[in-house]
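A.B. asks: I have a structure I would like to understand better, so I am pasting it below and will then ask my questions one at a time.
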Amino acid sequence: MKPLRLFPVFLLVLSGVALAQQHEAPPGEPTHDVLTPQEKPDKSRLRDIKGQVLDANGNGIEGATVRLKDLKTGSVVSTQTKKDGAYIFYDLNMNLEFELAATHEGYDGPVIKRVSEYDTRKPAVRNFELERKAPQASAQKQK
């Protein structure tokens with residue numbers, strides 16, 4: 001007699017599973033189907049440009065500004081270096097040429113480097129070495 005009482009519960013659970021499987025997401029909404037692989041963007045023609053801004057002793061310069069200029073469009077973006085002098089620009093088109101310039105207050109500059117479309121390295125690495133500015137105020141006082 002107990003199996004017969006559980007039969008309606010079983011049918012209710014089974015119909016709920018069937019309805020859940022038939023539900024489709026509205027157009028434009030993501031489907032969260034774990035079994036269906038999601039299409040990943042093609043990054044084969046994208047690369048990162050990274051490096052470090054260093055002083056003459058090879059120490060990283062924190063807070064240096066690294067400017068990236070797209071030589072085709074003229075658009076410019078910039079970033080600040082981390083504590084170790086590291087910077088990175090993500091997902092840049094490999095078919096474009098870029099100019100990088102590194103500056104920091106108290107150092108001569110800017111130091112400029114280029115990344116060519118013919119440079120196929122992933123990531124492209126450009127390190128900068130900045131020289132300290134000569135102390136002009138103290139040199140003038142000594143004269």
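A.B. asks: Would you pick out the residues in region 83-92 that are closer than 13 Å to Thr65 by Cα and surrounded by 15 or more Cβ atoms within 10 Å (Cβ to Cβ)?
C.D. replies: Gly85, Ala86, Tyr87, Phe89
A.B. asks: Checking Gly58 against (1) on the phi > 0 side of the Ramachandran plot; (2) surrounded by fewer than 11 Cβ atoms within 10 Å (Cβ to Cβ); (3) under 21 Å from the mean Cα position of the chain (by Cα): exactly one of these is not met. Which one?
C.D. replies: (3)
A.B. asks: For Asp42, are the conditions met, namely being surrounded by fewer than 10 Cβ atoms within 10 Å (Cβ to Cβ), modelled with pLDDT under 95, charged (D, E, K, R) and under 20 Å from the mean Cα position of the chain (by Cα)?
C.D. replies: Here the answer is yes, as Asp42 does meet what is asked.
A.B. asks: Next question. Pick from Val34, Val53, Val76, Val115: which is modelled with pLDDT of 95 or more, over 30 Å from Ala134 (Cβ atoms) and β-branched (Val, Ile, Thr)?
C.D. replies: On inspection, the qualifying residue turns out to be Val115.
A.B. asks: To continue, here is another question. If you check every pair at least six apart or on different chains, which have Cβ atoms under 7 Å apart with a residue in region 79-92 that is basic (Lys, Arg) first and a residue that is assigned to a loop (DSSP other than H, G, I, E, B) second?
C.D. replies: So the pair list comes out as Lys82/Glu62; Lys83/Glu62.
A.B. asks: With respect to Gly109, determine if the residue is touching a strand residue (DSSP E or B) at 6+ places or on another chain (Cβ under 9 Å), within 14 Å of Gly60 (Cβ to Cβ) and surrounded by 12 or more Cβ atoms within 10 Å (Cβ to Cβ).
C.D. replies: Against the criterion (touching a strand residue (DSSP E or B) at 6+ places or on another chain (Cβ under 9 Å), within 14 Å of Gly60 (Cβ to Cβ) and surrounded by 12 or more Cβ atoms within 10 Å (Cβ to Cβ)), Gly109 does not qualify.
A.B. asks: Give the residues of region 67-82 that are surrounded by 11 or more Cβ atoms within 10 Å (Cβ to Cβ), farther than 17 Å from Ile112 by Cβ and among the hydroxyl-bearing types (Ser, Thr, Tyr), sorted by residue number.
C.D. replies: none
A.B. asks: Just name the residue that is farthest from Val66 (Cα to Cα) out of those in region 93-117 that are in a loop (DSSP other than H, G, I, E, B) and in contact (Cβ under 8 Å) with a residue 40 or more places away in the chain.
C.D. replies: Across region 93-117, the extreme among qualifying residues is Asn95.
A.B. asks: Here is a follow-up. What strands (runs of 3 or more DSSP E) completely inside region 37-90 contain at least 3 residues that are under 18 Å from Thr120 (Cβ atoms)?
C.D. replies: 46-54
A.B. asks: Which numbered condition in (1) surrounded by 15 or more Cβ atoms within 10 Å (Cβ to Cβ); (2) touching a Leu at 6+ places or on another chain (Cβ under 6 Å) is the only one that Ala64 fails?
C.D. replies: Unmet condition: (2).
The values are calculated or read from the model by the stated rules, or taken from the named source; none is laboratory data. Only a predicted model underlies this, so the values are computations on that prediction, with no experimental measurement involved. Virtual Cβ from ideal backbone geometry, glycine too; neighbours counted across all protein chains shown.
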